[in-house]
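Inspection log for the structure reproduced underneath, given as structure tokens.
The values are calculated or read from the model by the stated rules, or taken from the named source; none is laboratory data. This one's a predicted model, so the numbers in the text were calculated from it and none came from an experiment. Don't worry about glycine lacking a Cβ; one is built from the backbone with ideal geometry, like all the others, and counts go over all protein chains shown.
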Amino acid sequence: MKLRKTILALALALPLGALAENQDDLIAKYTTLSGSKQNATSLVSGLRDGKEVTLKKGETTETFTPPTGTMGYGNIDNALALASASLEKKGITNPTPAQLEAAVMEILRMRADGKGWGQIADAKGFKLGEVKRAGGAERVARAERPNRPERPEKPERPERPERPEKPHKPR
């Protein structure tokens, strides 16, 4: 019993943010979307701190400041996952800095206006859980996966013979 209380106390002492992804995980996850590790770092840290984000590709540079203020890692992941899904829906798999800024800012403005992540996903034509479960290429791979082969039918069990009734014991 004492061990249970200790484990419960430790679990309650952990901050909820510890359950969310960390900055390095998010940078790695969104490097392809943003076009470079530098852009992904700017996106994640800018959203986290509520500061200016700079996206570069060649000679093109786009900057913006998130209207949401500071964000936790879970919220950053939601925003970028929805922006990515929104771009993919338009057929954009390698967005320019301007396209990425537009997609991210559209999501962030909705969030700053007080909409929840589910409402934002619905407005964009998605289900948040589906967007979060499957990212980019994974979503396509799952949709194109062939059906599993059917399982062979199990043979029917023969009927059991009836059990004889128990004799009644006198008391």
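Being closer than 25 Å to Gly125 by Cβ and free of Cβ contacts under 8 Å to residues at least 60 places away in the same chain narrows it down to one of Gln99, Gln38, so name that one.
The unique qualifying residue is Gln99.
Among (1) out of contact with any Gly (no Cβ under 9 Å at 6 or more places or on another chain); (2) surrounded by fewer than 16 Cβ atoms within 10 Å (Cβ to Cβ); (3) within 21 Å of Trp117 (Cβ to Cβ); (4) of a type in the set (S, T, N, Q), there is one condition Gln38 misses while meeting the rest; what is its number?
With (1) out of contact with any Gly (no Cβ under 9 Å at 6 or more places or on another chain); (2) surrounded by fewer than 16 Cβ atoms within 10 Å (Cβ to Cβ); (3) within 21 Å of Trp117 (Cβ to Cβ); (4) of a type in the set (S, T, N, Q) applied to Gln38, the lone miss is (3).
Could you tell me how many of the residues in the range 51-93 are over 18 Å from Ile120 (Cβ atoms) and touching a Pro at 6+ places or on another chain (Cβ under 6 Å)?
Of the residues in that region, 4 qualify.
Based on this model, can you work out whether Ile120 counts as touching a helix residue (DSSP H, G or I) at 6+ places or on another chain (Cβ under 8 Å), buried (at least 18 other Cβ atoms within 10 Å of the Cβ), assigned to a helix (DSSP H, G or I) and at pLDDT below 95?
Here the answer is yes, as Ile120 does meet what is asked.
For the range 57-79, give me the residue count where each residue is surrounded by 13 or more Cβ atoms within 10 Å (Cβ to Cβ) and outside any loop (DSSP other than H, G, I, E, B).
11
Look at the range 20-76 and say how many of its residues are under 20 Å from the mean Cα position of the chain (by Cα) and among the aromatic types (Phe, Trp, Tyr).
Number satisfying all stated conditions: 2.
Against the condition small (Gly, Ala, Ser) and within 15 Å of Leu33 (Cβ to Cβ), how does Ala123 come out, does it pass?
Criteria not met by Ala123.
For Ala85, work out the one condition from (1) at pLDDT below 90; (2) not in a loop (DSSP other than H, G, I, E, B) it doesn't fulfil.
Ala85 satisfies all of (1) at pLDDT below 90; (2) not in a loop (DSSP other than H, G, I, E, B) except (1).
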